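Worksheet: the structure to be examined is printed underneath.
The values are calculated or read from the model by the stated rules, or taken from the named source; none is laboratory data. In this text the structure is predicted, and so the values were computed from the model without any measurement. With ideal geometry, Cβ positions are generated from the backbone for all residues, glycine too; neighbour counts draw on all protein chains shown.
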């Protein structure tokens with residue numbers, strides 16, 4: 001039975017298994033990316049088929065088990081190797097040095113090595129972080145996977161709401177039903193903000209209904225209305241309601257504010273006896289959504305903020321994003337919001353940072369270990385980081401460096 005479990009442990013720790021699992025996941029990702037789907041329903045099916053299916057999650061589970069077993073074995077191997085180095089040294093190899101062991105040990109310490117007394121003399125090492133960085137890489141990958149698993153406990157939900165209204169529920173797409181948010185969400189004010197819109201408005205004689213003059217300008221500009229002897233600052237134009245807001249002045253003195261709406265020629269809405277009426281405008285280019293919102297609990301406002309594209313609001317672990325807006329048949333605007341809660345987001349980000357950090361440390365910090373055997377003639381034995389093909393030369397170079405810098 002023990003041999004059976006040992007065999008299973010060996011299979012789980014196999015590098016071949018790692019390669020097979022990674023290639024399998026890569027193949028799934030490739031097909032999941034290039035799978036043709038032009039319809040939204042097929043797009044959702046593709047996501048479910050390739051990334052949410054039980055067999056895909058089984059691959060991830062096997063990879064997690066493989067990494068855990070490899071990490072346990074690696075830690076055990078490193079600890080066991082160090083325990084052996086603290087008791088004995090390899091019988092063969094090394095460089096003889098006639099200097100006293102205490103002087104050599106002091107010289108190594110000056111080179112940044114740490115020292116520990118052993119039955120045979122000294123164990124000397126440096127770059128411990130580099131030795132354990134591979135373990136850190138393994139743990140960071142496991143942390144990312146744990147964060148992804150924790151993320152499945154969150155939700156993605158949406159809410160469409162009119163300005164001035166509030167709601168305690170949203171639609172959960174995973175559960176396919178309305179569910180309570182946990183607080184009251186109120187949309188205090190919403191407006192789409194556009195790049196300056198070019199438009200044309202007409203000066204109309206209300207008695208005849210004929211156009212006296214047509215003015216062309218853009219939002220933010222001040223234009224002249226010669227027929228009325230006025231200047232008009234184009235303050236705002238709502239392309240959905242086609243509502244025009246002007247700030248009128250004469251000879252630099254404010255006359256008043258004027259509002260008009262396309263499709264409505266109200267003969268009583270006049271300035272200097274004439275009606276101003278928007279007749280045409282260029283297609284608007286949306287610049288930003290702007291929503292002022294409040295969070296209420298027990299009928300009391302506990303948080304207020306502004307939500308814009310790329311500027312979500314976070315409250316009690318829930319991120320609230322602005323997604324869209326529409327106008328109903330009456331021209332009344334309502335805005336769409338997405339509510340996202342991802343309990344594993346911090347784990348994923350932390351794992352990514354750890355992965356990059358330990359990967360850099362693995363490449364930049366080199367672990368080196370040397371055994372210093374005492375005797376009539378001391379022996380410097382390369383244990384790690386100096387045991388390459390030219391290991392003897394490396395340990396000799398290290399010995400010569402100690403000699404050139406002096407060991408006394």
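Counting the residues of segment 162-178 that are within 19 Å of residue 332 (Cβ to Cβ) and outside any strand (DSSP E or B) gives 3.
Among the residues in segment 321-337, are any at pLDDT 90 or above, assigned to a strand (DSSP E or B), under 15 Å from residue 238 (Cβ atoms) and not assigned by TED's automatic domain parsing to the domain that holds residue 238? Yes, some residue in segment 321-337 is at pLDDT 90 or above, assigned to a strand (DSSP E or B), under 15 Å from residue 238 (Cβ atoms) and not assigned by TED's automatic domain parsing to the domain that holds residue 238. The number of residues in segment 93-120 being touching a residue at least 60 places away in the same chain (Cβ under 8 Å), farther than 20 Å from residue 367 by Cβ and not in a helix (DSSP H, G or I) comes to 6.
Return yes or no: is residue 125 modelled with pLDDT under 95, under 30 Å from residue 359 (Cβ atoms), outside any helix (DSSP H, G or I) and touching a helix residue (DSSP H, G or I) at 6+ places or on another chain (Cβ under 9 Å)? Yes; evaluated as a whole, the condition is true for this residue.
Of everything listed in (1) part of a loop (DSSP other than H, G, I, E, B); (2) in contact (Cβ under 8 Å) with a residue 60 or more places away in the chain; (3) over 30 Å from residue 315 (Cβ atoms), the single unmet condition for residue 209 is (2).
With respect to residue 84, determine if the residue is at pLDDT 85 or above, under 17 Å from residue 135 (Cα atoms) and in a helix (DSSP H, G or I). Against the criterion (at pLDDT 85 or above, under 17 Å from residue 135 (Cα atoms) and in a helix (DSSP H, G or I)), residue 84 does not qualify. Of all residues in segment 7-24, those satisfying the criterion of being in a helix (DSSP H, G or I) and out of contact with any helix residue (DSSP H, G or I) (no Cβ under 6 Å at 6 or more places or on another chain) are 7, 8, 9, 10, 11, 15, 16, 19, 20, 22, 23. Just one residue in the set 159, 153, 143 is loosely packed, with under 15 Cβ neighbours inside 10 Å and either in contact with a helix residue (DSSP H, G or I) (Cβ under 8 Å, 6 or more places away or on another chain) or outside any helix (DSSP H, G or I) (or both); that residue is 153. Checking the structure you have, find out if any residue of segment 100-116 is closer than 21 Å to residue 67 by Cα and surrounded by fewer than 19 Cβ atoms within 10 Å (Cβ to Cβ). No, segment 100-116 contains no residue that is closer than 21 Å to residue 67 by Cα and surrounded by fewer than 19 Cβ atoms within 10 Å (Cβ to Cβ). Checking each residue in segment 179-189 for being surrounded by 14 or more Cβ atoms within 10 Å (Cβ to Cβ) and either part of a loop (DSSP other than H, G, I, E, B) or modelled with pLDDT of 90 or more (or both) picks out 183, 184, 185, 186, 187, 188. Keeping to segment 252-263, report how many residues are closer than 16 Å to residue 199 by Cβ and part of a strand (DSSP E or B). Residues meeting the conditions: 4. Taken over segment 97-113, the criterion of being in contact with a strand residue (DSSP E or B) (Cβ under 6 Å, 6 or more places away or on another chain) and farther than 18 Å from residue 404 by Cβ is satisfied by 101 alone.
Can you find, within segment 354-372, the residue that is modelled with the lowest pLDDT among those that are part of a helix (DSSP H, G or I) and exposed (fewer than 14 other Cβ atoms within 10 Å of the Cβ)? Steps first, please.
Applying the first criterion (part of a helix (DSSP H, G or I)) to segment 354-372 yields 354-364.
Remaining after also requiring exposed (fewer than 14 other Cβ atoms within 10 Å of the Cβ): 356, 360, 363-364.
Details: 356: 94, 360: 93, 363: 87, 364: 90.
So the residue we want is 363.
Checking residue 385 against (1) surrounded by 13 or more Cβ atoms within 10 Å (Cβ to Cβ); (2) assigned by TED's automatic domain parsing to the domain that holds residue 169; (3) on the phi > 0 side of the Ramachandran plot, only one condition comes out false. Which one? Of everything listed in (1) surrounded by 13 or more Cβ atoms within 10 Å (Cβ to Cβ); (2) assigned by TED's automatic domain parsing to the domain that holds residue 169; (3) on the phi > 0 side of the Ramachandran plot, residue 385 misses just condition (2). If you go through segment 212-235 and pick out every residue that is closer than 26 Å to residue 288 by Cα and either buried (at least 17 other Cβ atoms within 10 Å of the Cβ) or touching a residue at least 60 places away in the same chain (Cβ under 8 Å) (or both), you end up with 5.
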